[in-house]
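Step one of this worksheet: look at the structure below.
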Amino acid sequence: MRLKDKRVFITGAGGAIGRATALKCAAEGAAVIAADIDAAAVEATLAALRQAGAPAAAVTGDLSVSAACAGMFDEGAAAFGGIDALFNNAGVCLPGDDGPVETPEEVWHRTLAANLTSVFLACKHGLPHLLRARRGVIVNNASIVALVGSAYPQIAYTAAKGGVLAMTRELAVMYARRGLRSVAICPGPVATPLVQSFLAEPGAWEKRRPYLPMGRLGQPEEIANLVAFLASDEASYINGSAYPIDGGLTAAYVIDDAQTPVEF
């Protein structure tokens with residue numbers, strides 16, 4: 001079990017990727033601290049973890065508010081005597097996020113608060129605990145939009161995720177000699193309720209499907225597998241890297257969309 005004796009703090013743990021990652025980390029031997037702003041959602045994750053026989057705790061609050069965020073980390077660390085790994089996964093994708101002209105300023109500010117400020121504050125209040133672990137790791141959930149542009153924009157989301165990726169690199173360099181690694185994952189479209197509701201809008205899926213070499217969305221469990229590896233000591237020399245996990249989307253130039261994708 002690659003995460004035996006590790007204590008993993010997961011934000012956005014009430015969502016699809018967060019819950020899948022919590023269960024994967026638990027299966028790999030970790031004690032899991034599940035964090036979310038949605039009390040009912042994180043309690044459901046906690047129940048699933050306990051049903052699996054995993055040591056687990058849940059904390060609730062708004063990560064974009066400094067005092068609340070600090071309290072969540074103190075409470076989470078107290079549950080198991082510290083934190084070894086942090087998965088910054090919480091985030092939103094709001095209606096109205098479009099190009100700069102079309103996007104309301106309120107949507108811009110809310111998106112950056114939830115997707116970027118929350119990561120900054122989680123690092124601010126999580127780092128003291130992680131540094132005490134001496135072999136700590138931060139895994140940040142960025143996005144392929146931090147790597148490539150799109151003609152179908154979500155300008156606030158893109159800016160926030162670009163900031164997450166830049167922050168990841170800065171942290172990697174700042175803290176490497178203190179035993180802390182910082183890495184980012186850059187998922188493509190994943191089959192979560194958030195993405196599926198977005199793709200349910202007229203034309204949204206049809207516009208994007210031809211650019212997916214594998215012809216399908218990723219699954220939350222596929223993201224969880226990568227996070228568990230990066231949080232483990234098996235990834236001990238990986239620092240400052242960004243990992244696309246997108247079915248080949250960012251590698252693609254021309255797609256033969258006439259081919260039927262293989263089911264597997």
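Considering region 145-177 alone, what residues qualify as being in a helix (DSSP H, G or I) and either free of Cβ contacts under 8 Å to residues at least 40 places away in the same chain or of a type in the set (Ser, Thr, Tyr) (or both)? Answer for region 145-177, where residues must be in a helix (DSSP H, G or I) and either free of Cβ contacts under 8 Å to residues at least 40 places away in the same chain or of a type in the set (Ser, Thr, Tyr) (or both): 145, 157, 158, 162, 166, 168, 170, 174, 175, 177. Which of the residues that make up region 1-31 are over 10 Å from the mean Cα position of the chain (by Cα) and among the β-branched types (Val, Ile, Thr)? The answer is 8, and nothing else.
Do we have residue 240 as over 16 Å from the mean Cα position of the chain (by Cα), on the phi > 0 side of the Ramachandran plot and either at pLDDT 95 or above or of a type outside the set (Asp, Glu) (or both) here? Answer is no for this residue.
Taking the condition modelled with pLDDT under 95 and out of contact with any Pro (no Cβ under 8 Å at 6 or more places or on another chain), does residue 112 pass?
Values: modelled with pLDDT under 95: no; out of contact with any Pro (no Cβ under 8 Å at 6 or more places or on another chain): yes.
No.
For residue 196, are the conditions met, namely being surrounded by fewer than 21 Cβ atoms within 10 Å (Cβ to Cβ), within 14 Å of the chain's Cα centre (by Cα) and closer than 27 Å to residue 22 by Cα? No, not satisfied. Taken over region 93-109, the criterion of being surrounded by fewer than 22 Cβ atoms within 10 Å (Cβ to Cβ), in contact (Cβ under 8 Å) with a residue 40 or more places away in the chain and not small (Gly, Ala, Ser) is satisfied by 93, 94, 98, 100, 103, 107, 108. Of all residues in region 37-53, those that are under 11 Å from residue 13 (Cα atoms) and without any contact (Cβ under 8 Å) to a residue 24 or more places away in the chain have Cβ atoms under 9 Å from Cβ atoms of residues that are of a type outside the set (S, T, N, Q) and in a helix (DSSP H, G or I), 6 or more apart or on another chain, in 46/22.
The listed residues are 46, 63, and the only one of them that is buried (at least 21 other Cβ atoms within 10 Å of the Cβ) and touching a Cys at 6+ places or on another chain (Cβ under 8 Å) turns out to be 63. Residues of region 110-144 that are within 17 Å of the chain's Cα centre (by Cα) and touching a residue at least 60 places away in the same chain (Cβ under 8 Å): 118, 122, 126, 137, 139, 141, 142, 144. Any idea which residue in region 149-171 is nearest to residue 230 (Cα to Cα), counting only those that are exposed (fewer than 15 other Cβ atoms within 10 Å of the Cβ) and not acidic (Asp, Glu)? So the residue we want is 166.
Exactly one residue out of 90, 58, 20, 68 is free of Cβ contacts under 8 Å to residues at least 12 places away in the same chain and either touching a Cys at 6+ places or on another chain (Cβ under 7 Å) or buried (at least 16 other Cβ atoms within 10 Å of the Cβ) (or both): that is 68. So, residue 209, is that one modelled with pLDDT of 95 or more and of a type in the set (Lys, Arg) or not? So residue 209 does not fit the description; no. Among the residues of region 74-91, those identified as touching a Lys or Arg at 6+ places or on another chain (Cβ under 9 Å), closer than 24 Å to residue 171 by Cα and aliphatic (A, V, I, L, M) are 77, 83, 85.
The values are calculated or read from the model by the stated rules, or taken from the named source; none is laboratory data. Note that the coordinates shown come from a computational prediction; the quantities given were computed from them, not determined experimentally. So basically every Cβ, Gly included, is an ideal-geometry build from the backbone, and we count neighbours across all protein chains shown.
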